[in-house]
Amino acid sequence: MSERSERTAGTVVLDKPTAAPVSELVTSYVGRVRGGDMGALPSVIALIVLSVVFWIARPVFMSQANFANLFTQGAAIAVIAMGLIFVLLLGEIDLSAGFASGVCAAVLAVLLTDKGWPWYLAVLVSLLTGVVIGLTIGAIVVKIGIPSFVVTLAAFLALQGVALKIMDNGRNISIHDDTILAIANKNVPPLLGWLMCIALIAGFAIVQYRKYRARTKLGLTGESGSVVAVRIALVAIIAAAAVFVLNGERSRNPDINSLKGMPIVVPLIIALLLVWTFVLTRTSFGRHIYAVGGNVEAARRAGIAVDRVKISAFVLCSTMAAVGGLIAASRANSVDPNTGGSDVLLTAVGAAVIGGTSLFGGRGRMLDAVLGAAVVAVINNGMGLMGYSAGTKFVVTGFVLLLAAGVDALSRKRALAT
């Protein structure tokens with residue numbers, strides 16, 4: 001901070017704060033990266049490299065139809081990963097998130113199809129089921145003191161059995177409610193998509209400007225106005241390009257069945273991302289999450305209700321798993337005993353870690369879930385287009401996850417060393 005004070009007749013005169021030049025900001029960022037603060041850089045590089053490779057190998061990868069498919073393929077994983085980030089930030093783990101989503105989806109399907117409930121009541125009970133699961137797991141971990149790995153492993157097995165019981169040991173339950181099916185299968189009208197895009201860009205610009213003005217009033221040296229403008233312009237270009245592509249005609253027979261607009265699940269994920277990012281960065285609860293994940297004892301001595309924070313994190317994790325189960329059921333048009341099983345849990349955890357969230361707690365952002373899910377979706381989609389088997393996809397995804405975990409471990413060591 002550039003500051004000069006002169007005492008004249010008992011007054012203090014401060015120089016006007018100056019903004020750091022672009023070169024200094026770049027140098028500072030490079031220094032943070034070299035010091036171990038990698039952030040989302042590895043996942044962004046991986047996303048770009050993989051996309052270019054698959055585009056060269058299979059040009060159809062960048063088609064409008066496939067671009068829209070990427071969003072629907074990774075939506076459920078991204079939402080479940082968002083919930084897992086709350087737990088991972090504490091240095092804990094929830095191995096039951098996958099089957100928690102399956103149980104909540106089963107409850108939703110039974111209420112909709114077998115009981116004939118309206119969709120809003122069925123969704124509410126499904127979300128409450130997630131709350132109960134998270135509250136139970138959190139209470140056992142915190143109050144009894146059993147490690148979360150053991151508790152959630154037991155819940156993983158138990159919830160798998162509960163899902164089988166709900167669906168009569170293997171029954172497939174079809175979903176016919178138009179509102180639920182629209183979440184992952186219908187699109188936003190093009191005009192509404194543009195209005196959402198404009199609102200998102202305007203909101204981002206307002207937040208960036210207010211942050212810039214606040215730092216200026218406090219006399220803090222920060223980014224210049226031109227840097228803030230470039231950031232806003234970059235977000236605007238990316239958002240507008242995505243909407244433009246998604247608003248294009250994707251149907252092979254547009255005269256019979258026109259297919260335009262972004263999938264409804266896209267604004268849903270954006271809304272969840274904005275809400276939980278605000279919670280983590282702008283509320284005391286979010287700051288307490290980071291504090292507990294960084295140092296439990298220090299947080300407790302600072303007066304933070306550690307037990308309440310941990311239980312709340314598990315509740316949020318299972319509730320978001322319920323939302324993920326809802327999206328998965330909508331995309332599949334049905335629920336079966338495999339919903340939430342197979343590789344759902346490992347993929348969701350992998351998405352959070354690949355995105356940049358630390359397995360050791362105290363470091364991560366909600367955006368990591370979306371970026372990591374995008375990487376996983378690109379791998380599955382691209383390798384599917386190239387004709388690789390499911391086994392090969394698992395091997396590659398596992399390698400990417402191991403690489404991300406290695407980067408996390410090395411960056412933490414580097415941060416401690418510097």
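Under 17 Å from a point 7 Å along the Cα-to-Cβ line of Ser258: which residues of segment 176-211 have their amide N that close?
Backbone N within reach: 186-195.
Take the residue pairs Lys211/Lys260; Lys143/Lys211; Lys217/Lys413; Lys310/Lys413; Lys260/Lys393 and return only those whose Cα atoms are more than 32 Å apart.
Numbers: Lys211/Lys260 36 Å; Lys143/Lys211 40 Å; Lys217/Lys413 37 Å; Lys310/Lys413 26 Å; Lys260/Lys393 30 Å.
Table pairs above 32 Å Cα-Cα are Lys211/Lys260; Lys143/Lys211; Lys217/Lys413.
Kindly write out, for segment 323-338 in residue order, the coupling ³J(HN,Hα) from the Karplus curve 6.51 cos²θ - 1.76 cosθ + 1.60 (θ = phi - 60°), rounded to whole Hz, with x marking Gly and Pro.
Here the 3J(HN,Hα) series is 5, x, x, 4, 5, 5, 5, 5, 5, 8, 6, 6, 10, 9, x, 8 Hz.
Along the principal axes of its C-alpha atoms, what lengths does the chain span, in descending order and rounded to whole Å?
84, 60, 41
Taking amide H positions as placed in the peptide plane 1.01 Å from N, state which residues far from Leu259 in sequence (5 or more) or on other chains have amide H under 5 Å from it.
Long-range HN contacts for Leu259: Arg250, Ser251.
Could you tell me which chymotrypsin sites (Phe, Trp or Tyr not before Pro) in segment 306-400 are loop residues by DSSP with no more than 16 other beta carbons within 10 angstrom of their beta carbon?
Of the chymotrypsin sites (Phe, Trp or Tyr not before Pro), the ones in loops of segment 306-400 whose Cβ has at most 16 other Cβ atoms within 10 Å are Phe360, Tyr388.
Could you tell me the relative contact order of segment 187-262? Use alpha-carbon pairs under 8 Å, at least six residues apart, and round to a whole percent.
Computed over segment 187-262, the figure is 44 percent.
If we count every other residue with Cβ under 13 angstrom of Leu164's Cβ, Lys/Arg +1 and Asp/Glu -1, where does the sum land?
0
So what is the 222 nm mean residue ellipticity for the chain from helices alone, if each DSSP H run of at least 4 adds -39500 (n - 2.57) and you divide by all residues, rounding to the nearest 500 deg cm²/dmol?
For the chain, the value works out to -23000 deg cm²/dmol.
Multiplying the sequence separation of Ile206 and Ala65 by 0.36 nm and subtracting their Cα-Cα distance, what value in nm do you get?
This chain segment gains 47.5 nm when fully extended.
Highest mean first, what order results for 243-251, 366-374, 96-104, 59-67 on Cβ atoms within 10 Å?
Details: 243-251: 17.0, 366-374: 26.6, 96-104: 32.2, 59-67: 15.1.
Top of the packing list down: 96-104, 366-374, 243-251, 59-67.
Extension gain Arg282-Leu181, at 0.36 nm per residue separation less the Cα-Cα distance, in nm?
Full extension of this stretch gives 33.0 nm more.
Rank the residues Leu280, Leu191 as a footprinting-exposure proxy: fewest other Cβ atoms within 10 Å of their Cβ go first.
Details: Leu280 19, Leu191 10.
Ordered by Cβ neighbours within 10 Å, fewest first: Leu191, Leu280.
Kirkwood Rh, segment 187-262, all Cα pairs: how many Å?
14.4
Can you order the peptides 48-54, 211-217 by their average number of other Cβ atoms within 10 Å per residue, highest first? Mind showing how you got there, number by number?
Working: 48-54: 15.4, 211-217: 13.0.
So the peptides 48-54, 211-217, ranked by packing, come out 48-54, 211-217.
Pairing the Cα long axis of helix 390-417 with the longest principal axis of the chain, what angle in degrees results, from 0 to 90 and rounded to the nearest 10?
Taking Cα atoms only, the helix is inclined about 20 degrees.
For segment 63-133 and segment 341-405, what is the separation of their Cα centres, given in Å?
18
Counting other Cβ atoms within 10 Å of each Cβ, which chymotrypsin sites (Phe, Trp or Tyr not before Pro) in segment 264-306 have at most 14 and sit in a DSSP loop? Provide the component values of the computation, followed by the final result.
On the way: sites: Trp276, Phe278, Phe285, Tyr290; in loops: none.
In loop regions of segment 264-306 (DSSP not H, G, I, E or B), there are no sparsely surrounded chymotrypsin sites (Phe, Trp or Tyr not before Pro).
If you average the C-alpha positions of segment 140-162 and of segment 266-302 separately, how far apart do those two centres end up, in angstrom?
23
Go ahead and set up a Gaussian network model of the chain, Cα springs under 10 Å, then flag whichever of Ala202, Ala240, Ala75 fluctuates most.
Per the Cα network of the chain with a 10 Å cutoff, Ala202 tops the list.
Name the long-range amide H neighbours of Asn187: under 5 Å, sequence gap of 5 or more, or other chain; modelled H, no Pro or chain starts.
Correct list: Ile264.
Could you give the nm distance between label points at Asp114 and Met386, where each point is 7 Å from its Cα heading toward the beta carbon?
Reported label-point gap for Asp114 and Met386 is 4.4 nm.
Mind listing the long-range amide H neighbours of Ser334? Cut-off is under 5 Å, sequence gap 5 or more, other chains count too, H placed in the peptide plane at 1.01 Å from N.
Ile175
Here, each number is a calculation from the coordinates, and none is a lab measurement. Everything numeric in this text was worked out from a predicted model, so none of it was measured. Ideal geometry is used to build each Cβ from the backbone, glycine not excepted, and the neighbour counts take in all protein chains shown.
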